[in-house]
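Below is one structure; the comments refer to it alone.
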Amino acid sequence: MRTFALYLAAGISYTALGIYNQNYLYSFFEGLAFLCGFVVGIPWVIKRLWR
Amino acid sequence: MSWAAHDLEPYVFQKHLGRKIAFMPLLAGSYAPDLFTKWFVYGVGVFGFEVKAENPARFHRGWPGVGFTHSLVFGVLLSLLIYAIWRKPIIAYSFLIGQWAHALTDMGDTVGTMLFFPFTTHLFSIGAWAYAGELGRQVDAGAYFSGLGFVWDGVWVVWACLSWRVLTREYYRREVLAGDPFFRWAGKTLSEPLLLAIYRAAFFYGICRWIAWIVWAHVIVGGASFNGKHYKFKLDLSWGGPHWAHALHASDLNNGSLLGAGCQCPCCRAARPKLFMYGFVVVAVRAKRLRQRLASRRE
């Protein structure tokens with residue numbers, strides 16, 4: 001459930017970002033980078049800071 | 001062209017083919033026809049200069065141009081090259097399925113694809129939604145999401161959502177890892193959450209993109225300008241629409257000599273909606289009769 005919530009938050013953020021600036025919607029690689037950053041990168045950074 | 005179908009089709013294939021298919025080559029094949037060419041269709045700014053195709057539609061789908069990337073033979077050649085490099089049939093045929101799916105999907109617009117290039121430069125088109133690539137990215141997006149194109153993408157969105165089980169971790173471990181050499185290889189160095197994100201990325205991108213463009217076109221802006229002309233994004237779900245955008249047709253490309261009102265090939269005739277519907281009914285009736293005949297023989 002936690003993972004699903006993370007992906008959902010990533011989806012809402014990316015959709016909002018895409019509506020705000022369509023340049024972020026043009027390439028799959030932008031979506032890939034955003035998703036990896038959101039669901040893997042950010043939790044990793046938070047974990048590191050928490051310790 | 002399709003804006004979300006190419007992202008979502010691989011998940012539907014994955015659901016139906018399981019470990020018989022390798023996901024990453026399938027996705028690469030699905031993106032391959034537009035991967036290195038689409039930027040030149042819309043143009044990009046380089047040091048203050050705009051680099052763009054002189055005739056975007058012909059460059060994208062026609063000949064001379066890179067329209068051959070949307071042909072079946074191009075997929076076969078690339079698959080053979082892939083097989084020659086990796087010597088794994090599953091990678092080669094997965095790529096081929098993805099590339100063919102892209103070429104067939106793009107037949108839906110008014111320009112179509114040169115499916116049988118180099119044997120013919122004929123553009124095969126169903127003509128369901130307008131091709132407006134020459135009007136720039138924003139108007140093209142507005143046109144696509146105002147016509148049957150967005151319905152077509154919607155079908156894939158629903159179908160992909162119904163295939164949600166392919167996105168689960170259990171499915172990934174059981175089927176995707178078993179079928180796809182890329183994920184097995186990458187799994188040696190990358191963590192599973194990262195690999196899962198990579199695997200789910202096209203689904204994520206396709207759905208978000210579909211929603212974002214619809215909201216942008218119909219809720220936020222409602223219209224856009226190109227070359228001084230303003231286009232209002234009015235919803236028009238008629239065949240070949242939206243008609244407010246000047247749609248290019250297959251007859252406008254390749255010197256206009258091949259596909260047009262006078263073309264009598266089965267594909268062009270099927271492009272006319274009424275004939276298409278009649279053809280569909282005939283095929284359905286024939287299929288039903290055949291099924292009945294086979295059932296009676298079995299008895």
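The values are calculated or read from the model by the stated rules, or taken from the named source; none is laboratory data. Everything numeric here is computed off the predicted structure, so don't read it as measured data. Every residue, glycine among them, receives a Cβ derived from its backbone with ideal geometry; neighbour counts consider all protein chains shown.
Among B:GLU175, B:GLU170, which is the only one that is in the same structural domain as B:ASP236 (by TED's automatic domain parsing) and surrounded by fewer than 19 Cβ atoms within 10 Å (Cβ to Cβ)?
On the way: B:GLU175 fails: surrounded by fewer than 19 Cβ atoms within 10 Å (Cβ to Cβ).
Among B:GLU175, B:GLU170, only B:GLU170 is in the same structural domain as B:ASP236 (by TED's automatic domain parsing) and surrounded by fewer than 19 Cβ atoms within 10 Å (Cβ to Cβ).
Applying the condition of being closer than 18 Å to B:HIS6 by Cβ and surrounded by 15 or more Cβ atoms within 10 Å (Cβ to Cβ) to the range A:28-41 and asking which residue is farthest from the other protein chains (Cβ to nearest Cβ) yields A:GLU30. Does B:LEU27 qualify as being free of Cβ contacts under 8 Å to residues at least 40 places away in the same chain and assigned to a helix (DSSP H, G or I)? So B:LEU27 does not fit the description; no.
For the residues B:TRP239, B:TRP216, B:TRP210, the requirement of being of a type outside the set (Gly, Ala, Ser), closer than 22 Å to B:TRP164 by Cβ and touching a residue at least 24 places away in the same chain (Cβ under 8 Å) singles out B:TRP210.
Going through (1) away from chain A (no Cβ under 14 Å); (2) free of Cβ contacts under 8 Å to residues at least 60 places away in the same chain; (3) touching a Leu at 6+ places or on another chain (Cβ under 9 Å) one by one, B:SER146 falls short only on (2). Taking the criterion of being of a type in the set (A, V, I, L, M) and without any contact (Cβ under 8 Å) to a residue 24 or more places away in the chain, the residues of the range B:61-94 that qualify are B:VAL76, B:LEU77, B:LEU80, B:LEU81, B:ALA84, B:ILE85. Within the range B:6-25, which residues are β-branched (Val, Ile, Thr) and either within 14 Å of chain A (Cβ to nearest Cβ) or within 13 Å of B:GLY179 (Cβ to Cβ) (or both)? Answer for the range B:6-25, where residues must be β-branched (Val, Ile, Thr) and either within 14 Å of chain A (Cβ to nearest Cβ) or within 13 Å of B:GLY179 (Cβ to Cβ) (or both): just B:ILE21. Residues in the range B:183-204 that are within 14 Å of chain A (Cβ to nearest Cβ) and under 17 Å from B:PHE13 (Cβ atoms): B:TYR199, B:ARG200, B:ALA201, B:ALA202, B:PHE203. Being in contact with a Cys (Cβ under 6 Å, 6 or more places away or on another chain), without any contact (Cβ under 8 Å) to a residue 24 or more places away in the chain and either among the polar types (S, T, N, Q) or over 12 Å from B:ILE198 (Cα atoms) (or both) is true of A:GLY11. Within the range B:14-36, one or more residues are surrounded by fewer than 24 Cβ atoms within 10 Å (Cβ to Cβ), out of contact with any Leu (no Cβ under 8 Å at 6 or more places or on another chain), among the acidic types (Asp, Glu) and closer than 21 Å to B:SER79 by Cα. What do you reckon, is A:LEU6 free of Cβ contacts under 8 Å to residues at least 60 places away in the same chain, at the interface with chain B (Cβ under 9 Å from one of its Cβ atoms) and either of a type in the set (Asp, Glu) or buried (at least 17 other Cβ atoms within 10 Å of the Cβ) (or both)? Considered against the rule, which asks whether it is free of Cβ contacts under 8 Å to residues at least 60 places away in the same chain, at the interface with chain B (Cβ under 9 Å from one of its Cβ atoms) and either of a type in the set (Asp, Glu) or buried (at least 17 other Cβ atoms within 10 Å of the Cβ) (or both), A:LEU6 comes out as no.
Looking only at the range B:48-92, filter to residues that are of a type in the set (Ser, Thr, Tyr) and crowded, with 21+ Cβ neighbours inside 10 Å; which one of those is farthest from the chain's Cα centre (by Cα)? Looking at the filtered set, the residue picked out is B:SER79. When the range B:33-63 is limited to residues that are closer than 24 Å to B:GLY98 by Cα and in a loop (DSSP other than H, G, I, E, B), the one that is modelled with the highest pLDDT turns out to be B:GLY62. B:VAL215 passes every criterion in (1) surrounded by fewer than 20 Cβ atoms within 10 Å (Cβ to Cβ); (2) more than 7 Å from every other protein chain (Cβ to nearest Cβ) apart from (2).
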